[in-house]
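Engineer: Got a structure for you, questions after.
The values are calculated or read from the model by the stated rules, or taken from the named source; none is laboratory data. A quick note: this is a predicted structure, and the numbers were derived from the prediction, not measured. Here the Cβ is made from the backbone with ideal geometry for all residues, glycine too, and neighbour counts use every protein chain on show.
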Amino acid sequence: FENKENSLKAIAAINLMTVMLLGGLWHGASLNFVIWGGLNGVGILLYKFWKNWSPVIRAFILGLLFAILLVWYHYQALALVKILLVWTGILCLGTFIRLFVSVIEKYSPGMDKFFFFSSKGMGMVWGVFQTFVFITFTRLFFRSGSNLDPAEANRIAWRTARDMIDQIGGQWNLQLIPQMLWEYRYVFILIVFGLFVHWLPEGFKRWYRINFALMPLWLMAIIVVITVFVVYQFATAGLQPFIYFQF
């Protein structure tokens with residue numbers, strides 16, 4: 001039974017990667033879209049393993065990976081290695097903090113009542129943050145070629161994504177952070193609003209979902225269209241056609 005279960009897991013993993021790669025090709029027949037789909041597939045597969053590991057195993061694996069990347073960066077200071085090193089370091093920090101909190105919870109009953117200070121609450125917040133970082137990184141490959149002809153995307157989009165990776169992994173100018181926050185203030189406001197809605201009490205979210213479902217179909221359609229249009233224009237900070245209208 002164990003061999004059969006492992007075979008099913010392997011088949012499921014292959015199917016998942018196939019779907020994600022085909023999803024990338026659906027967006028455009030170029031290498032950058034394939035990489036985008038592949039990265040998302042790898043992320044999902046890693047999470048499937050990650051959620052079954054204990055905090056101790058997570059801390060050990062991330063600590064080992066961080067040490068390897070640190071040595072690699074010492075001898076070969078590549079931009080991509082620097083990005084992986086920083087991200088792994090952030091993952092290590094969160095994992096060790098959660099491990100520390102879980103140990104305290106074990107010997108301090110009742111601490112888990114404070115959700116956001118519990119290991120479960122911290123894991124949820126940290127997971128949302130890390131997912132946001134990972135998805136943002138994969139979008140480098142998606143957005144760099146989303147408005148290009150497939151024949152040009154293989155040449156221009158790949159170079160654009162590579163240049164962005166070199167810039168992110170190069171010399172950081174922290175003085176630009178306030179300027180970036182201000183220039184993209186509407187985007188960040190939208191992100192904060194989305195996180196706020198995500199963490200609303202379940203009872204309240206259930207209430208407005210039920211009331212929305214009870215609306216007439218025509219009213220639901222109008223609300224959906226208006227919401228999608230407003231959010232998209234708000235996020236892009238400029239009036240432009242919705243990308244999927246191009247298909």
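Engineer: Quick one: residue 50 ticks every box in (1) surrounded by 19 or more Cβ atoms within 10 Å (Cβ to Cβ); (2) in contact with a Lys or Arg (Cβ under 8 Å, 6 or more places away or on another chain) except a single one, so which number is it?
Structural biologist: (1)
Engineer: Still on this model: Could you list, in sequence order, the residues of the stretch 191-204 that are over 16 Å from the mean Cα position of the chain (by Cα) and closer than 22 Å to residue 229 by Cα?
Structural biologist: Hits for the stretch 191-204 are 193, 196, 197.
Engineer: So, one more: For the stretch 55-82: of the residues being small (Gly, Ala, Ser) and out of contact with any helix residue (DSSP H, G or I) (no Cβ under 9 Å at 6 or more places or on another chain), which is farthest from residue 127 (Cα to Cα)?
Structural biologist: It comes out as 77.
Engineer: How many residues does the stretch 219-233 contain that are more than 27 Å from residue 125 (Cα to Cα) and either touching a helix residue (DSSP H, G or I) at 6+ places or on another chain (Cβ under 8 Å) or modelled with pLDDT of 80 or more (or both)?
Structural biologist: 9
Engineer: State whether one or more residues within the stretch 169-189 are aliphatic (A, V, I, L, M), surrounded by 13 or more Cβ atoms within 10 Å (Cβ to Cβ) and under 25 Å from residue 124 (Cα atoms).
Structural biologist: Scanning the stretch 169-189, I find at least one residue that is aliphatic (A, V, I, L, M), surrounded by 13 or more Cβ atoms within 10 Å (Cβ to Cβ) and under 25 Å from residue 124 (Cα atoms), so the answer is yes.
Engineer: Which ranges mark the helices (runs of 4 or more DSSP H) fully within the stretch 154-217 that have 3 or more residues being free of Cβ contacts under 8 Å to residues at least 12 places away in the same chain and either more than 28 Å from residue 81 (Cβ to Cβ) or not charged (D, E, K, R) (or both)?
Structural biologist: 176-183, 185-198, 202-213
Engineer: I need the full set of residues from the stretch 182-218 which are among the aliphatic types (A, V, I, L, M) and modelled with pLDDT under 85, in order please.
Structural biologist: Across the stretch 182-218, the qualifying residues are 187, 189, 190, 191, 192, 195, 197, 200.
Engineer: Tell me, please, whether a residue that is surrounded by 12 or more Cβ atoms within 10 Å (Cβ to Cβ) and of a type in the set (Lys, Arg) can be found in the stretch 205-213.
Structural biologist: The answer is yes; a qualifying residue exists.
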